[in-house]
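The values are calculated or read from the model by the stated rules, or taken from the named source; none is laboratory data. None of these values were measured; they are calculated from a predicted model. Because the Cβ atoms are built from the backbone with ideal geometry, glycine has one as well, and the counts that use them run over all protein chains shown. Quick note on the areas: whole protein, heavy atoms, side chains included, nothing else; ligands and nucleic acids left out. Shrake-Rupley method; radii C 1.70, N 1.55, O 1.52, S 1.80 Å.
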Amino acid sequence: MQKKKILVAALNWGLGHATRCIPIINALHLNGFEPVIASDGQALDLLKKEFPHSTHLELPSYSVQYSKKGKYLKWKMILDSPRIVRAIQKEKIITKKIIESYNIQGIISDSRLGVRSKKLKKNVFITHQLNVLSGNTTYLSSYLHQQYINKFEQCWVPDAQGEKNLSGVLGHLREKPENVTYIGPISRLEKRQIPEVYHYLVLLSGPEPQRSILESILLKELETAEVRILFVRGIISDESLNSPNTNIQIKNYLYGKSLQEAINCSKYIISRPGYTNLMDLAKLEKKAFFIPTPGQTEQEYLAKRLEKLRISPFCKQEAFDLSQLQKIEEYKGLSDFGNHVVFRDLFSFFESE
């Protein structure tokens, strides 16, 4: 019997969207489907490395770049919005061709707004943002995003529905829309009890130039650290980088089991409070210090919320120094929700008539 082909499309906005698609793609394989993977840039490069034997297709790039100064980020995104809209329109055209060429029978789109088919009526949208925080334009940005989401037959929110949740107001409206299903936090990682190797694990991610700016700040501040540190830059590249501090080991990127082992054998994590990072660290029950991307209101909200709940401390990027890390032990750390998704039940959507 021929396997049903499901198009899995991940947004290339940092690597978080691609990495949280990994457990979904694995589950599709395990449940008798054939995933066809689509993205662009580093997100597509990552998924090619994780699934070398799958079909990989390139989608138009949204070409997201952050401003050097956080206060200008919202206005840069507004100025860039016509280009993003054009990319979404191109996505729609390419998606139609992919469906016809590869006999696609269902779609799972992680935040790619143009990857949808009226003809199929088997469209799933993945997002943790039912509300899109944008300062004094939050109502408008949230309304527009919800209008896009409503065009999909199902919306899977990778969070718990109840009071104990990771996303707060981002993923929870006063009234749950009919097409929304809370599938619980998802992660490709598993908690393991292994000996501690590193005192700090730095996990960088996100669009440029802010990724590189934080990388420079951290490497400079950690030059005097006297504990073992694993520094993961979050880039898919062969270029090498070294630190004068021999206690620091630098990797460009870690895949699958290597990343799982690195997090499990590290005492504390230093990273952006990107939502996929939060899901991974909650699954592995780690203590962390967060540095939000300047001007990225979603990350700023999540960092402040976690600090208020006494889960993890944070500071602004320009305020970071080595002494800030002493706060970590005062907080309780992230914890596993335990309500993990049953993908077989979710995938029944693609089997129904």
Looking across the range 118-146 at residues that are at pLDDT 95 or above and over 19 Å from the mean Cα position of the chain (by Cα), the single one that is nearest to Gly168 (Cα to Cα) is Asn123
Filtering the range 121-166 for residues that are touching a helix residue (DSSP H, G or I) at 6+ places or on another chain (Cβ under 7 Å) and either of a type in the set (Gly, Ala, Ser) or at positive phi (or both) leaves a count of 2
The residue from Gln89, Gln161 that alone is of a type in the set (S, T, N, Q) and part of a helix (DSSP H, G or I) is Gln89
Counted residues in the range 165-187 being open to solvent by less than 10 Å² (accessible area, probe 1.4 Å), without any contact (Cβ under 8 Å) to a residue 60 or more places away in the chain and not aliphatic (A, V, I, L, M) come to 1
Open item on the list: Among the residues of the range 193-200, are any within 30 Å of Gly162 (Cβ to Cβ) and open to solvent by 20 Å² or more (accessible area, probe 1.4 Å)?
Closed with: yes
Scanning the range 268-285 for residues that are more than 20 Å from His340 (Cβ to Cβ) and either surrounded by fewer than 23 Cβ atoms within 10 Å (Cβ to Cβ) or over 14 Å from the mean Cα position of the chain (by Cα) (or both) gives Tyr268, Ile269, Ile270
Discussion item. Just checking, does the range 279-286 include any residue being touching a helix residue (DSSP H, G or I) at 6+ places or on another chain (Cβ under 6 Å), outside any loop (DSSP other than H, G, I, E, B) and not basic (Lys, Arg)?
Written reply: no
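Conditions tested, residue by residue: (1) over 30 Å from Ser117 (Cα atoms); (2) open to solvent by 30 Å² or more (accessible area, probe 1.4 Å).
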| residue | (1), (2) |
| --- | --- |
| Glu261 | yes, yes |
| Asn264 | yes, no |
| Lys287 | yes, yes |
| Lys304 | yes, yes |
| Pro313 | yes, no |
| Ile328 | yes, no |
| Lys332 | yes, yes |
| Leu346 | no, no |
| Phe350 | no, no |
Expected output for the range 28-50 (first residue over 24 Å from Asp238 (Cβ atoms), partner charged (D, E, K, R) and assigned to a helix (DSSP H, G or I), Cβ below 6 Å, 6+ apart or cross-chain) is Asn31/Arg344
Checked Gly234, Gly184 against criteria (in contact with a helix residue (DSSP H, G or I) (Cβ under 7 Å, 6 or more places away or on another chain) and either basic (Lys, Arg) or farther than 30 Å from Asn136 by Cβ (or both)); the one match is Gly234
*Would you check if there is a residue in the range 234-252 being hydrophobic (A, V, I, L, M, F, W, C), open to solvent by 30 Å² or more (accessible area, probe 1.4 Å), at pLDDT 95 or above and assigned to a loop (DSSP other than H, G, I, E, B)?*
no
Taking the range 1-46 and keeping only residues that are open to solvent by 20 Å² or more (accessible area, probe 1.4 Å), among the charged types (D, E, K, R) and over 23 Å from Phe349 (Cβ atoms), one is left with Asp45
Residue hits (the range 75-117; in contact with a Phe, Trp or Tyr (Cβ under 6 Å, 6 or more places away or on another chain), aliphatic (A, V, I, L, M) and modelled with pLDDT of 85 or more) are Leu113
Taking the condition at pLDDT 95 or above, among the charged types (D, E, K, R) and either surrounded by 18 or more Cβ atoms within 10 Å (Cβ to Cβ) or part of a helix (DSSP H, G or I) (or both), does Glu215 pass? yes
Evaluate the following for His145: is it out of contact with any strand residue (DSSP E or B) (no Cβ under 9 Å at 6 or more places or on another chain) and surrounded by 15 or more Cβ atoms within 10 Å (Cβ to Cβ)? yes
Across the range 254-278, the tally of residues that are within 20 Å of Gly14 (Cα to Cα), among the polar types (S, T, N, Q) and assigned to a helix (DSSP H, G or I) stands at 4
Within the range 118-130, residues open to solvent by less than 30 Å² (accessible area, probe 1.4 Å) and either without any contact (Cβ under 8 Å) to a residue 60 or more places away in the chain or not in a strand (DSSP E or B) (or both) come out as Lys122, Asn123, Phe125, Thr127, His128, Leu130
Of the conditions (1) open to solvent by less than 40 Å² (accessible area, probe 1.4 Å); (2) part of a loop (DSSP other than H, G, I, E, B); (3) touching a residue at least 60 places away in the same chain (Cβ under 8 Å); (4) touching a Lys or Arg at 6+ places or on another chain (Cβ under 8 Å), the single one that Phe152 does not satisfy is (3)
